[in-house]
1. Name the pairs whose Cβ atoms lie under 7 Å apart, with the first residue in the stretch 43-72 and within 27 Å of K171 (Cβ to Cβ), the second open to solvent by 30 Å² or more (accessible area, probe 1.4 Å) and hydroxyl-bearing (S, T, Y), and 6 or more positions between them or separate chains?
2. So which residues in the stretch 193-215 are under 19 Å from V180 (Cα atoms) and touching a Ser or Thr at 6+ places or on another chain (Cβ under 7 Å), if there are any at all?
3. Select from the stretch 75-95 the residues that are assigned to a loop (DSSP other than H, G, I, E, B) and either touching a residue at least 24 places away in the same chain (Cβ under 8 Å) or among the hydroxyl-bearing types (S, T, Y) (or both) and list them in ascending order.
4. Applying the selection to the stretch 46-65, what residues are out of contact with any Lys or Arg (no Cβ under 9 Å at 6 or more places or on another chain) and either open to solvent by 70 Å² or more (accessible area, probe 1.4 Å) or part of a helix (DSSP H, G or I) (or both)?
5. Going through E123, E106 one at a time, which residue ends up being of a type in the set (D, E) and either open to solvent by less than 60 Å² (accessible area, probe 1.4 Å) or assigned to a helix (DSSP H, G or I) (or both)?
6. All but one of (1) farther than 30 Å from N233 by Cα; (2) β-branched (V, I, T); (3) in contact with a Leu (Cβ under 8 Å, 6 or more places away or on another chain) hold for T97; which doesn't?
Amino acid sequence: MSESIGFPIDDYHFKSHSIFEELPKEDQNFIKSVMLLKKYSKGDMVFIEGSYPSGIFYLIEGKIKKFKVDKDGREHIIYICNTGELLGYPALLSEETFSDSAMALEDIKVGFIPGNKFLELLEKSKVLSSKLLKNLSHEFAVLENNILSIAHKTVRERLALTLLILRDKFKASEKPNEIVEITLTREDLANILGTAVETLVRFLREFKNEDIIETKGRTIRILKAHKLVEIANI
């Protein structure tokens, strides 16, 4: 649960940050020895849907959005990756193309692990293989929760839920009463919700009038997270 507000945040996070953290020291040292540091500027593509992976990505600093583009060119954001998360390993393991694209939401630092080195470690590390299997299963459940939310919740409910998820992504500390600032374009937020920007702005105005949030430019400050939990109808 997220702090004391009664929100099951783990149901909406991939939790891949724990994969490397809990490996034996020997395996961690191997990863550090083969990892290549890459820097991306805001708006840079990390990988593109339909391309083949040459390795996996460990997000050292910053945030990345994972998204798909439909046949009409509309962007649908699937997930926001945070510091410590892994990207790209499902495609590498399945020997298939990336099922989505990844773009830097801000200036980021990424550790790139070549595919052959990652698979080499996977072959000899039972801990890593077990962690990956569990995480793949969890990621499937997270995506299922997201699909069900889009299918069965109103836009107002989806917005409340999305703000709760982003609140956890953008918080600077573990302090329970921290007022979190979410910095995201209205277009990106609308693409997460699967709605028009105009509709998003209308509901943000409602939340603001109810003193649940404050807005300044594209920054959203969450003042009453417990009210969002009630609205999200989880």
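The values are calculated or read from the model by the stated rules, or taken from the named source; none is laboratory data. This is a predicted model, so every value here is computed, not measured. Heads up, the Cβs are rebuilt from the backbone with ideal geometry, glycines too, and the neighbour counts pull from every protein chain shown. Accessible surface areas use protein heavy atoms only, side chains included; no ligands, DNA or RNA. Shrake-Rupley method; radii C 1.70, N 1.55, O 1.52, S 1.80 Å.
1. Qualifying pairs under 7 Å: V46/Y40; L59/T83; I60/T83; E61/T83; G62/T83.
2. Correct list: L204, K208.
3. Selection gives N82, T83, G84, E85, G88.
4. The answer is I48, Y52, S54.
5. On the way: E106 fails: either open to solvent by less than 60 Å² (accessible area, probe 1.4 Å) or assigned to a helix (DSSP H, G or I) (or both).
After applying the criteria, what remains is E123.
6. With respect to (1) farther than 30 Å from N233 by Cα; (2) β-branched (V, I, T); (3) in contact with a Leu (Cβ under 8 Å, 6 or more places away or on another chain), T97 is out only on (3).
Residue by residue, here is whether (1) under 14 Å from the mean Cα position of the chain (by Cα); (2) of a type outside the set (K, R); (3) within 22 Å of F20 (Cβ to Cβ) holds:
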{"site": "K126", "(1), (2), (3)": "no, no, yes"}
{"site": "S129", "(1), (2), (3)": "no, yes, yes"}
{"site": "L136", "(1), (2), (3)": "no, yes, yes"}
{"site": "V155", "(1), (2), (3)": "no, yes, no"}
{"site": "F170", "(1), (2), (3)": "yes, yes, no"}
{"site": "I179", "(1), (2), (3)": "no, yes, no"}
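Rundown of residues vs (1) open to solvent by 10 Å² or more (accessible area, probe 1.4 Å); (2) within 21 Å of T185 (Cα to Cα); (3) part of a strand (DSSP E or B); (4) of a type outside the set (S, T, Y), yes/no style:
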position	(1), (2), (3), (4)
F67	yes, yes, yes, yes
G73	yes, yes, no, yes
T97	yes, no, no, no
A102	no, yes, yes, yes
